[in-house]
1. Arrange the residues Arg32, Arg126 by how much accessible surface each exposes, largest first, with a 1.4 angstrom probe.
2. Please list, in order along the stretch 25-32, the HN-Hα scalar couplings obtained from phi with the Karplus expression 6.51 cos²θ - 1.76 cosθ + 1.60 (θ = phi - 60°), rounded to whole Hz, x for Gly and Pro.
3. List residues of the stretch 90-118, by number, whose backbone nitrogen lies under 17 Å from a label position 7 Å along Cα→C-beta of Thr155.
4. From largest accessible area down, sort Ile104, Ile35, Ile44; use a 1.4 Å probe on the protein chains.
5. Which order do Val4, Val38 take by accessible area at a 1.4 Å probe, largest first?
6. Cα convex hull of the chain: mean projected area in nm², to one decimal?
7. With angles folded into 0 to 90 degrees, how steeply does helix 37-50 sit against the dominant principal axis of the chain? Use alpha carbons for both and round to 10.
8. Per-residue HN-Hα couplings for the stretch 125-141, Karplus 6.51 cos²θ - 1.76 cosθ + 1.60 at θ = phi - 60°, whole Hz, x for Gly and Pro?
Amino acid sequence: RYRVEEIKKRVFAKTVNFGIPYGITAWGLSKRLGISIVAAQALIAAFYAKYPLIPPRQAKVVQEAEDTGRVLTHAGRPLFIPGMAVSEGKLREHGERQAKNFPISGGAQEIVKDSLLRVEAGAPDRLVCQVHDELLYLLPPDDNPQEFAHFLAETLPDYRHTVPYLWDIAVGSNWGTIKKIPERWVEEDDES
């Protein structure tokens with residue numbers, strides 16, 4: 001069972017570790033975490049101090065978006081950002097966040113899409129759905145799940161990328177058992 005404090009810590013960590021590279025502002029971070037803007041600014045500063053290569057990368061993609069009106073994924077798919085034509089204000093800020101976000105989120109999408117296509121070529125008609133970066137396959141009753149898991153382990157990785165990424169394959173009778181989704185979240189003092 002999940003405890004409320006564990007869930008709060010996970011939400012906090014995900015908000016910081018995904019929000020900052022995607023360009024969240026101190027105001028946005030403070031609102032999402034329920035902390036002061038000063039505390040949010042300190043978190044952002046500490047994050048950038050720990051990961052000093054992120055700010056130059058963000059500046060580079062913002063400059064690219066300003067120069068060309070678009071940013072690209074690693075596969076060359078563009079996102080056109082009209083807000084970059086504005087010199088200041090909310091539209092410009094939104095454009096800068098899009099410029100910072102898209103190479104990361106769009107790049108992840110490219111990796112999942114490519115994986116989908118490779119699996120589909122070798123084992124058509126098994127995909128049930130995609131949820132963010134997860135692919136859910138349903139096998140006919142006569143298919144061996146362990147053999148399919150081995151096929152996925154061989155097919156999913158794409159070694160063209162300089163930064164390796166991991167695949168986790170789980171086998172189960174339904175998504176709930178694979179994800180170990182709790183029946184309910186409980187309060188710390190809940191005795192039931």
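1. Numbers: Arg32 160, Arg126 55 Å².
Heavy-atom accessible area, descending, gives Arg32, Arg126.
2. 8, 4, 5, x, 5, 5, 5, 5
3. Those under the cut-off are 111-118.
4. Working: Ile104 75, Ile35 50, Ile44 25 Å².
So the residues, ranked largest to smallest area, are Ile104, Ile35, Ile44.
5. Numbers: Val4 35, Val38 105 Å².
So, going from the largest accessible area down, we get Val38, Val4.
6. Details: hull surface 59.3 nm².
With the hull built on Cα positions only, its mean projection is 14.8 nm².
7. Once rounded, the angle reads 70 degrees.
8. 6, 10, 5, 9, 6, 10, 10, 6, 9, 10, 10, 10, 10, 10, 9, x, x
The values are calculated or read from the model by the stated rules, or taken from the named source; none is laboratory data. Small disclaimer: the values here were computed from a predicted structure and weren't measured. Cβ atoms come from the backbone with ideal geometry, glycine included; neighbour counts cover every protein chain shown. To get the accessible areas, we keep the full protein, side chains included, count just its heavy atoms, and leave off ligands, DNA and RNA. Shrake-Rupley method; radii C 1.70, N 1.55, O 1.52, S 1.80 Å.
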